[in-house]
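The values are calculated or read from the model by the stated rules, or taken from the named source; none is laboratory data. Quick caveat: nothing in here was measured; it's all calculated off a predicted structure. Every residue, glycine among them, receives a Cβ derived from its backbone with ideal geometry; neighbour counts consider all protein chains shown. For the accessible areas, the whole protein counts, side chains as well, though only heavy atoms, and no ligand, DNA or RNA atoms are used. Shrake-Rupley method; radii C 1.70, N 1.55, O 1.52, S 1.80 Å.
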Amino acid sequence: GMAVGSRVDLQVLRPAAAGADSLQLQVTLAAAPLAASDAAEYEYKPYELTVRNLVFSDYIGFNVEQNSLPGVVVTAMQPGGMADISGLSPSDVIQRVNDQAVSSVEDFSRVMTILDSGERSEVVLLVWRFGQTVFVNVRAE
């Protein structure tokens, strides 16, 4: 295949009144946007919560500039699980865990693993919810 960033010359033939005219175009190949189904995902079992990295279609759906929204998006929760009980919603974007900024599933998993090792009874999530910032408190069992 051709690499992203490579330049390709295209010749386009268009029917015209007197036969066909020809148009030379030079295009640069760009990476196709990652689909939501291909985004990195992480399940945090104690909260029965699954999050994934944001992808191009999320920015379109949220109507925000691409890459202007740091965080991980909530994709699944067990009904009756701690994330669900706390009031978290699917499509919430978790941006902070306590005082730790989170911009990827790697960040989120690292922060949650550190929390697991301590004796913390309550976690405060800073969540972006369709243009509004809300705080969600998750209490440990």
**Request:** Taking GLY80 as the residue in question, decide whether it is assigned to a helix (DSSP H, G or I), open to solvent by 30 Å² or more (accessible area, probe 1.4 Å) and of a type in the set (Gly, Ala, Ser).
**Result:** no
**Residue list for segment 43-67, restricted to those being of a type in the set (S, T, N, Q), over 11 Å from the mean Cα position of the chain (by Cα) and farther than 14 Å from ILE94 by Cα** = ASN63
**Complete:** Taking segment 75-123 and keeping only residues that are free of Cβ contacts under 8 Å to residues at least 12 places away in the same chain and within 13 Å of VAL136 (Cβ to Cβ), one is left with ILE85
**Asked** Which condition breaks for PHE108 when tested against (1) under 16 Å from the mean Cα position of the chain (by Cα); (2) not in a helix (DSSP H, G or I)?
**Response** (2)
**Request:** Scan segment 1-22 for residues that are more than 29 Å from GLY71 (Cβ to Cβ), open to solvent by less than 60 Å² (accessible area, probe 1.4 Å) and touching a residue at least 12 places away in the same chain (Cβ under 8 Å) and report the count.
**Result:** 3
**Item:** Residues satisfying the stated conditions in segment 83-102, i.e. in a loop (DSSP other than H, G, I, E, B), of a type in the set (Asp, Glu) and open to solvent by 40 Å² or more (accessible area, probe 1.4 Å)
**Value:** ASP99
**Asked** From the list LEU126, LEU115, LEU69, LEU34, which one is surrounded by 16 or more Cβ atoms within 10 Å (Cβ to Cβ) and assigned to a loop (DSSP other than H, G, I, E, B)?
**Response** LEU69
